[in-house]
Amino acid sequence: MSAATAALGARTRRPAERWLGAARYRIRGARYEPKWVVLATIIGVIGGLGAVVFTLALESSTRFFLGLLVGFTPASPTGEGGAPITDALRPWALPLCVGLGGLLSGIIVFRLAPEAEGHGTDAAIAAFHHRPRGIRGRVPIVKLVASAITIGSGGSAGREGPTAQISAGFGSFLSRLLDLDQHDSRIAVAAGMAAGIGAIFRAPLGAAVLGAELMYRDDVESSALLPSFIATIVAFSVYGLLLGNDPIFGPQAAYHFDPLQLGYYALIGLAAGVMGLLYIRSFYGVTRWAGGWTAPVWLRPAIGGLLVGTIGLVVPGVLGTGYGWAQASLGRETLLALPLLMVLILPFAKILATSLSIGSGGSGGVFGPGMVIGGLVGAGIWRLLAPVAPDMPVDPAPFVIVGMMALFGSIAHAPLAVMLMVAEMTGDLAMLAPAMVSVGVAMLVVRDRSIYHSQLATKADSPAHRFKFAMPVLATLPVRHAMRAPRVVLDTSLDAVSAARSLDAAGVSGAPIRDAEQRYVGILDRARIDVAGAAGPVTPLVDRDAPTVSPQDALDEALGAIAESPRQWAPVVEADRVVGVLSVRDVIAGYRAALAGSVRQVRGLHDAGVLLQAEVADGATLDGLTVAGVPWPTDTTLISIERDSRLVVPRGDVLLRAGDRLTVLAADGSEAAARLVIGSASPDADPAN
């Protein structure tokens with residue numbers, strides 16, 4: 001490339017870079033409400049468009065695979081054309097068709113983005129808790145294509161998982177683009193997930209609540225509510241403008257609640273809870289079983305597809321989303337026209353088919369199938385009781401609607417959100433009162449088990465809030481009160497040799513680096529220079545994705561960002577300018593100053609210290625000891641224990657076991673002894689700038 005071409009490219013980039021820098025400055029300095037009006041609107045637009053693209057891709061995929069290859073038109077709900085239940089012209093082709101879809105999906109996913117396998121909502125929840133800025137840009141695209149093929153070819157899966165991961169992925173991208181802090185990045189992911197689900201289900205209110213309710217089993221991410229409300233209504237409006245926003249199952253007749261029927265709704269809740277447990281156990285049981293297959297991972301979805309297609313020969317209602325069969329169960333005449341045995345078998349067959357489609361590595365959601373299963377449970381109870389029980393509703397719709405709410409509301413631990421969503425999808429709010437009875441009974445049956453393994457119990461269990469709960473004073477202290485000036489800031493104009501000399505002279509293992517216009521670019525580590533072993537420019541060696549903090553961030557969020565990085569420090573950046581650095585020892589110093597020595601837990605910690613993390617190995621000294629029984633060195637504090645993606649409060653009687661991940665604060669003088677105790681490897685160089 002010539003010098004003139006390079007100069008032209010630089011001039012072209014500068015206006016965009018200046019605009020981006022100004023946007024970052026305005027967003028990070030804005031108050032909560034105006035900031036999220038802007039960000040949530042952007043997320044909502046992309047979430048709505050993503051849902052539109054996925055819907056069109058799914059329709060095209062269905063026409064090709066099931067329509068052209070099998071001669072089969074799946075039944076669809078009223079809001080999506082209302083196609084009736086029909087037979088396939090070439091039923092023998094069903095297993096081959098579903099298997100082909102699984103094969104193509106497996107190749108696409110496992111070759112391009114393995115993290116896109118399975119149900120995307122769980123992946124979005126995991127990203128919220130652990131890596132809100134870490135969803136790769138290719139994941140939403142891979143998820144969209146793979147899910148459209150999986151479902152369009154007849155695989156049993158829902159549409160909410162792909163749309164949730166698409167819009168959550170955009171929220172993650174937006175967080176990286178605008179350099180949002182960890183807290184705002186998590187909210188962007190939650191709002192994105194809500195926007196995609198709200199658009200695809202045409203249920204903005206329920207999806208907004210879902211964005212806050214789905215992260216925990218027994219808690220709510222309240223800070224995500226306002227952004228989710230804005231994002232979902234924008235996404236719903238965009239989707240409605242392009243594809244329409246009628247309720248999926250069409251408006252239902254108004255049903256009046258009769259208190260004499262409460263016993264029936266309690267029975268629905270009991271049955272829904274039992275079926276929900278079966279759904280959870282079947283799904284994860286098949287997932288483990290498929291994980292043990294000797295076939296290559298990209299081939300496993302094809303095997304699952306062959307099995308699902310075979311089931312579809314006998315029970316065609318398992319194919320695709322199953323919404324058309326749920327629609328048929330809402331009407332008295334259409335439900336009575338179905339064989340009773342088919343109505344009773346279909347929920348079990350749908351559980352097995354969904355477990356095979358997604359558990360084998362296919363791509364799709366578990367939300368939609370869960371609602372269909374719940375609705376069919378309600379339909380089966382109505383068919384059994386209608387001829388013999390008194391005071392039964394004349395139509396099955398109330399039982400079907402409440403069954404949808406009860407089953408998935410309980411196993412997703414999102415009762416309010418699911419009740420609102422089903423009410424919006426059916427256009428019927430009258431069933432909320434009996435649904436509360438059914439959902440309550442179902443949740444008593446399900447207890448703490450969840451269809452989403454990435455869900456945590458409460459905020460106290462989430463890495464997003466662990467330091468706030470372990471050291472609550474940190475949440476009240478801004479970074480600007482603890483940060484300090486960096487020892488050295490490097491320039492991109494330096495060559496690798498000069499940069500290494502500057503780092504060595506300052507006695508640090510890494511430093512922020514800026515461009516010719518003094519704008520922050522990333523972090524340059526001494527280790528990267530050594531690995532490169534070249535005397536060329538430093539630009540290719542810069543870590544541009546390293547987490548940064550702003551002066552306004554709370555120290556608990558900043559410490560969380562540092563804990564998730566390989567370094568013991570992070571640059572403090574404001575308006576694209578490096579204004580300081582924050583290390584673990586700076587956090588400790590700020591914490592000590594705020595407490596003024598009044599908290600016994602940190603009395604022995606000096607201003608200088610390090611944050612250590614290590615996993616308890618099988619058979620290690622700590623394996624089997626209680627926290628109180630560990631010979632902790634002086635000036636050392638155990639902050640948290642992460643076990644099976646959950647945080648455990650480090651009380652003295654807690655028994656440590658293999659696999660536990662420990663987070664420890666240690667003063668400089670106790671670092672070596674602390675590392676010996678917890679089994680943490682020593683860093684190669686001084687980690688703090």
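The values are calculated or read from the model by the stated rules, or taken from the named source; none is laboratory data. On a predicted model such as this, the values are computed, not experimentally measured, just so you know. Because the Cβ atoms are built from the backbone with ideal geometry, glycine has one as well, and the counts that use them run over all protein chains shown. Please note that ligands, DNA and RNA were not included when accessible areas were found on the heavy atoms of the full protein model with its side chains. Shrake-Rupley method; radii C 1.70, N 1.55, O 1.52, S 1.80 Å.
Looking at residue 590, is it over 27 Å from residue 217 (Cα atoms), modelled with pLDDT under 80 and among the small types (Gly, Ala, Ser)? Taking the combined requirement at face value, the residue satisfies it. For the structure I just gave you, tell me whether residue 529 is in a strand (DSSP E or B), crowded, with 16+ Cβ neighbours inside 10 Å and of a type in the set (A, V, I, L, M). For residue 529, the condition - in a strand (DSSP E or B), crowded, with 16+ Cβ neighbours inside 10 Å and of a type in the set (A, V, I, L, M) - is not met. Do we find a residue being within 32 Å of the chain's Cα centre (by Cα), part of a helix (DSSP H, G or I) and surrounded by 24 or more Cβ atoms within 10 Å (Cβ to Cβ) anywhere in the range 381-395? The answer is no, given that none of the residues of the range 381-395 is within 32 Å of the chain's Cα centre (by Cα), part of a helix (DSSP H, G or I) and surrounded by 24 or more Cβ atoms within 10 Å (Cβ to Cβ). Quick check: is even one residue across the range 414-432 of a type in the set (Ser, Thr, Tyr), under 29 Å from the mean Cα position of the chain (by Cα) and more than 22 Å from residue 124 (Cα to Cα)? Among the residues of the range 414-432, at least one is of a type in the set (Ser, Thr, Tyr), under 29 Å from the mean Cα position of the chain (by Cα) and more than 22 Å from residue 124 (Cα to Cα), which makes the answer yes. The number of residues in the range 57-116 that are over 30 Å from residue 137 (Cβ atoms) and among the aromatic types (Phe, Trp, Tyr) comes to 2. For the range 414-448, residues that are in a loop (DSSP other than H, G, I, E, B) and of a type outside the set (D, E, K, R) total 5.
Annotation: of all residues in the range 139-151 being closer than 14 Å to residue 361 by Cα and not hydrophobic (A, V, I, L, M, F, W, C), the one that is surrounded by the most Cβ atoms within 10 Å (Cβ to Cβ) is 150. Going through (1) of a type in the set (A, V, I, L, M); (2) touching a helix residue (DSSP H, G or I) at 6+ places or on another chain (Cβ under 6 Å); (3) open to solvent by 30 Å² or more (accessible area, probe 1.4 Å); (4) in a loop (DSSP other than H, G, I, E, B) one by one, residue 451 falls short only on (3). Does the range 409-426 include one or more residues that are open to solvent by 10 Å² or more (accessible area, probe 1.4 Å), more than 22 Å from residue 256 (Cα to Cα) and of a type in the set (Val, Ile, Thr)? There is no residue in the range 409-426 that is open to solvent by 10 Å² or more (accessible area, probe 1.4 Å), more than 22 Å from residue 256 (Cα to Cα) and of a type in the set (Val, Ile, Thr).
With respect to the conditions (1) modelled with pLDDT under 80; (2) assigned to a loop (DSSP other than H, G, I, E, B), residue 658 lacks only one, and its number is (1). Taking (1) at positive phi; (2) modelled with pLDDT of 95 or more in turn, residue 322 satisfies each apart from (2). Any residue in the range 396-405 that is assigned to a loop (DSSP other than H, G, I, E, B), touching a helix residue (DSSP H, G or I) at 6+ places or on another chain (Cβ under 9 Å), within 12 Å of residue 335 (Cβ to Cβ) and touching a residue at least 24 places away in the same chain (Cβ under 8 Å)? Yes: one or more hits.
Within the range 152-200, how many residues are among the β-branched types (Val, Ile, Thr), within 30 Å of residue 326 (Cα to Cα) and open to solvent by less than 10 Å² (accessible area, probe 1.4 Å)? Here the count works out to 3. For the range 568-580, how many residues meet the condition of being assigned to a loop (DSSP other than H, G, I, E, B) and surrounded by 20 or more Cβ atoms within 10 Å (Cβ to Cβ)? Residues that pass the stated criteria total 2.
When the range 211-231 is filtered for residues that are open to solvent by 50 Å² or more (accessible area, probe 1.4 Å), closer than 26 Å to residue 449 by Cα and aliphatic (A, V, I, L, M), the ones remaining, listed by number, are 220, 225. For the range 538-562, a residue qualifies if it is open to solvent by 60 Å² or more (accessible area, probe 1.4 Å) and assigned to a loop (DSSP other than H, G, I, E, B), and the qualifying residues are 544, 545, 552. Scanning the range 246-274 for residues that are at pLDDT below 95 and open to solvent by 70 Å² or more (accessible area, probe 1.4 Å) returns 246, 251, 254, 256, 257, 259, 260.
Of all the listed residues (199, 207, 272), the sole one being part of a helix (DSSP H, G or I), touching a residue at least 12 places away in the same chain (Cβ under 8 Å), closer than 30 Å to residue 379 by Cβ and in contact with a Phe, Trp or Tyr (Cβ under 6 Å, 6 or more places away or on another chain) is 199.
For the range 79-109, filtered to residues that are at pLDDT below 90 and within 22 Å of residue 365 (Cβ to Cβ), the residue that is surrounded by the fewest Cβ atoms within 10 Å (Cβ to Cβ) is 81. Answer yes or no: is there a residue in the range 286-307 that is in a helix (DSSP H, G or I), under 24 Å from residue 94 (Cβ atoms) and polar (S, T, N, Q). Yes, the conditions are met somewhere in the range 286-307.
For residue 535, the criteria (1) touching a strand residue (DSSP E or B) at 6+ places or on another chain (Cβ under 9 Å); (2) closer than 26 Å to residue 182 by Cα; (3) surrounded by fewer than 14 Cβ atoms within 10 Å (Cβ to Cβ) hold in every case but one, which is (2).
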